[in-house]
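Beneath this line is the structure, given in structure tokens, with notes to follow.
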Amino acid sequence: MNMDERIRTCPECRSKSIVTDPKHAELYCADCGVIITENLVDLGPEWRSFDNEQATKRVRTGPPSSYRTHNKGLSTPTPGSLTRSKRLRGAIAMDSSEKSLSFALGEIDRMSCALTLPHDLRETTSMLYRKAAKRDLIKGRSIEELASAMLFISCRQYGIPRTLKEIAAVSRMPLKKIRRAYIFLLQKLGIKLAPADPACYIPRFCSELGLTDVIREKAIKILCADKAAVAAKGWIPTGTAAAAISLAAHLSGVTVGVKDIAKVAGTSPVTIQNRYNELAKKSKLNCGGLSPAALQNRKSIKSSTV
């Protein structure tokens, strides 16, 4: 009989009425009174709490380590009554590099919250910033533009459909400087990114346009039918995704304005129409009776999609 069975049942009377006596550190049977175990060790805390608020204040352990904070979350917590001294002590103990790191990680977290990005992507971006700081790539450059560029790199690595324009909208730096920092980091860190898949943008665009799942699936099929040619031509993924949505809506008999799609995708109507013509020519789906002459005529395409 192992120890677990002896603790659950009494070895004398086989009763299951086992009582723990914390005052005398004993385990005994309530029926026959035999002491089963002596000198029990309490592995819990030495303090007591009567509600969750007391337990939160008295606990001396913090959250797990994270790269999203400058000290990785390993600092020792202090009582709430010493908040001011804790703030002053923390400000004095941090040097200039730690202050800049704390500011950069705060910017990454702020922009990630604005873009509703997952926590693991924030961790990856924070690790990327620490890696760049270790290689002395931060000195002499704007922290905001580097943090924005790193966030875009992490989005590309995770396959999350976010564009530079969207990141620039929540950043404090203009698009031109973020793009420059993005190219700089790719070269210095040796990061190789695969071309963005236009199909990743289709679910979000269709959701913002209020289109059905049928149109979404049909737009993805249009891109998958000629995926190699789309990647080889180097088209902008947002414009290609918008054109596939426009073509899928037309094949489904749904009227969607080109300007509305362009506004959601962040591109121009002319780009959508040009990509529309190319996709309609090479698409193996039933184009609903569109003639080759109509596909080449931009005005007929515009009238059929607006």
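None of the figures in this text is laboratory data; all of them are computed from the coordinates on show. Everything numeric in this text was worked out from a predicted model, so none of it was measured. Cβ coordinates were reconstructed from backbone atoms using ideal geometry, including for glycine residues, and neighbour counts include every protein chain displayed.
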Worksheet entry | Computed label-point distance, nm, for sites Glu98 and Gln187 using a 7 Å Cα→Cβ extension | 3.5 nm
Worksheet item: Once fully extended, how much extra length lies between Asp260 and Cys200, figured as 0.36 nm per residue of separation less the alpha-carbon to alpha-carbon distance?
Response: 19.7 nm
Worksheet entry | Stokes-Einstein translational diffusion, the stretch 107-225 - Kirkwood Rh over all Cα pairs, 0.692 mPa s, 37 °C, in µm²/s | 214 µm²/s
Worksheet entry | Likely footprinting exposure, Ser96, Ser15, fewest C-beta neighbours within 10 Å first | Ser96, Ser15
Discussion item. What's the ranking of 182-195, 105-118, 236-249, 147-160 by average number of surrounding C-beta atoms within 10 Å, highest first?
Written reply: 236-249, 147-160, 105-118, 182-195
Worksheet entry | Residues of the stretch 159-181 with amide N under 14 Å of a point placed 7 Å along Cα→Cβ from Arg141 | 177-181
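Report D for the stretch 183-283 in µm² per second (integer): Stokes-Einstein, Kirkwood Rh on Cα pairs, 37 °C, 0.692 mPa s.
Reported coefficient: 238 µm²/s.
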